[in-house]
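The values are calculated or read from the model by the stated rules, or taken from the named source; none is laboratory data. Model, not experiment: these values are computed from the prediction. Counting neighbours? That spans all protein chains shown, and the Cβs are built from the backbone with ideal geometry, glycine included. Heavy atoms of the whole protein, side chains included, go into the accessibility calculation; ligands, DNA and RNA do not. Shrake-Rupley method; radii C 1.70, N 1.55, O 1.52, S 1.80 Å.
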Amino acid sequence: MKPALVGRFGVQASTRDIARYSAAFSAGEDDGETLATLPATYPIVWLGRPDIRAALKQALAYHAGMDGAVLIHLSQSIAYAKPLVPDSEYELEVRLSAPDEKGVVVLSADVRRPAGETQATLSGRLALVTGSGPKS
Amino acid sequence: MTVSIDRGTRLPERHFSAIGMEMIEAYLAVSGDDNPIHTDLAAARRAGLPERPVPGLLTMGLFGMLIHTWRPTARVDKLKAEFVAPILVGGDLTLTGRVVARDDQAGSAILRLLASQANKPCAIGEAEIGLGGAPRL
């Protein structure tokens, strides 16, 4: 079944956002380095933005019947056609698959220029976990 | 300093003797991840885990940093990670990587990455990096 469209969101990352993100991996130290491109895994952070997260939770409840469930990441990938750069505006198109028989959903997203050119593609497999452990 | 990217080259290992909540909370603060299993021991136990797990995407981010530390100008074209076992708070964490293929014609190399706790594989990653250095802007 074709994944459902969760939504399209305007996203960007400032140099300050990137510095905070990088510092989280170095025990809070900011090495003062200015990157010309976003760290490879940075776009995944956009999926945690409150408005995108709210849309995702709504989609999980509506399309997957997962209201209130805990999701656990099984795998994640990101592939770049071109690097993303700080302070540039992008569109993030987020899609969600229906759960398979084991309660695993695929959350995917394309990062595009406003003109429509895809710059990067994200895909993650997440398992539904209820109070009694992973769905089986 | 020239960094070898020949097949078999090992990336400098990174080892944490104990993963503390400080790193997790710093990551959660920037990522927006509000999954309670990472901060609430009771929620982790309800999910069948003995301790709070490190967010998988934090581990993936550490893979990215492992590559960046080894080769700061590397252009990561692809990065993927499979989270095969939870990495638990309080335990150790070792990150390793090696070059498994190099394609001079395509100008790329493939890295195999591993995150392990107590010598047990927890996340297996693979990255494709550009050898040119300059980003394809």
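Among the residues making up the stretch B:54-67, those that are at the interface with chain A (Cβ under 7 Å from one of its Cβ atoms) and not hydrophobic (A, V, I, L, M, F, W, C) are B:GLY56, B:GLY61, B:GLY64.
Within the stretch B:62-82, work out how many residues are open to solvent by less than 20 Å² (accessible area, probe 1.4 Å), part of a helix (DSSP H, G or I) and either closer than 19 Å to A:VAL85 by Cβ or touching a helix residue (DSSP H, G or I) at 6+ places or on another chain (Cβ under 7 Å) (or both). So the count comes out to 2.
Candidates in the stretch A:78-108 are the residues that are assigned to a loop (DSSP other than H, G, I, E, B) and under 25 Å from A:ALA127 (Cα atoms); of these, the one that is nearest to the other protein chains (Cβ to nearest Cβ) is A:GLY103. Within the stretch B:75-84, none of the residues are more than 12 Å from every other protein chain (Cβ to nearest Cβ) and modelled with pLDDT under 95. Residue check: is B:THR96 open to solvent by 20 Å² or more (accessible area, probe 1.4 Å), over 16 Å from the mean Cα position of the chain (by Cα) and among the β-branched types (Val, Ile, Thr)? Taking the combined requirement at face value, the residue does not satisfy it.
Taken over the stretch B:11-57, the criterion of being on the phi > 0 side of the Ramachandran plot and in contact with a helix residue (DSSP H, G or I) (Cβ under 9 Å, 6 or more places away or on another chain) is satisfied by B:GLY32 alone.
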